[in-house]
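Enquirer: Questions regarding the structure given below will be posed in turn.
The values are calculated or read from the model by the stated rules, or taken from the named source; none is laboratory data. Please read these numbers as outputs of a predicted model, since none were measured by experiment. Here Cβ is always computed from backbone atoms with ideal geometry, including for glycine, and neighbour counts include all displayed protein chains.
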Amino acid sequence: MSIVKLVEVVRELNILEHKDYKLREVYINPEHVVIMKEDFHMTRLLQEQRLPDDLDSRQQFTRIMMQRGSSGTEVVVVGNPDLVQEKLFKNTKELLRG
């Protein structure tokens with residue numbers, strides 16, 4: 001399985017632009033993904049215009065939880081869970097057992 005590039009939403013207070021978040025690329029190893037779920041908090045922040053202006057007002061977000069050894073980490077990425085799942089696991093083939 002290969003590493004997948006997604007766009008992450010990162011908190012960064014920018015007083016001059018009155019924005020609380022920025023976007024950056026993140027590379028994720030799908031083998032470490034444990035849970036994915038829609039992040040409604042980010043959708044609310046988008047409606048409050050606290051996210052970057054170049055995001056469509058209909059955009060959805062996915063919170064991805066990953067296992068890193070004995071600890072875990074979370075990232076929030078742009079896209080709904082179905083789209084993110086498709087990107088992360090598009091090269092995964094399901095074996096049929098008969």
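Enquirer: State whether the residues of the range 23-36 include one that is over 17 Å from Lys5 (Cα atoms) and either charged (D, E, K, R) or surrounded by 15 or more Cβ atoms within 10 Å (Cβ to Cβ) (or both).
Expert: No, every residue in the range 23-36 fails to be over 17 Å from Lys5 (Cα atoms) and either charged (D, E, K, R) or surrounded by 15 or more Cβ atoms within 10 Å (Cβ to Cβ) (or both).
Enquirer: Can you tell me which of Thr43, Thr62 is out of contact with any strand residue (DSSP E or B) (no Cβ under 6 Å at 6 or more places or on another chain) and either under 15 Å from Gly79 (Cα atoms) or not hydroxyl-bearing (Ser, Thr, Tyr) (or both)? Before the answer, list the steps.
Expert: Numbers: Thr62 fails: out of contact with any strand residue (DSSP E or B) (no Cβ under 6 Å at 6 or more places or on another chain).
Result: Thr43 is the single residue among Thr43, Thr62 that is out of contact with any strand residue (DSSP E or B) (no Cβ under 6 Å at 6 or more places or on another chain) and either under 15 Å from Gly79 (Cα atoms) or not hydroxyl-bearing (Ser, Thr, Tyr) (or both).
Enquirer: Restricting attention to the range 62-86, which residues are part of a strand (DSSP E or B), among the charged types (D, E, K, R) and under 12 Å from the mean Cα position of the chain (by Cα)?
Expert: Across the range 62-86, the qualifying residues are Arg63, Glu74.
Enquirer: Still on this structure, please answer the following. How about the range 1-61: which strands (runs of 3 or more DSSP E) wholly inside it have at least 1 residues that are of a type in the set (Asp, Glu) and at pLDDT below 95?
Expert: Details: elements: 4-14, 19-28, 33-38.
In the range 1-61, the matching strands (runs of 3 or more DSSP E) lie at 4-14, 19-28.
Enquirer: Select from the range 62-71 the residues that are at pLDDT 90 or above and not basic (Lys, Arg) and list them in ascending order.
Expert: Thr62, Ile64, Met65, Met66, Gln67
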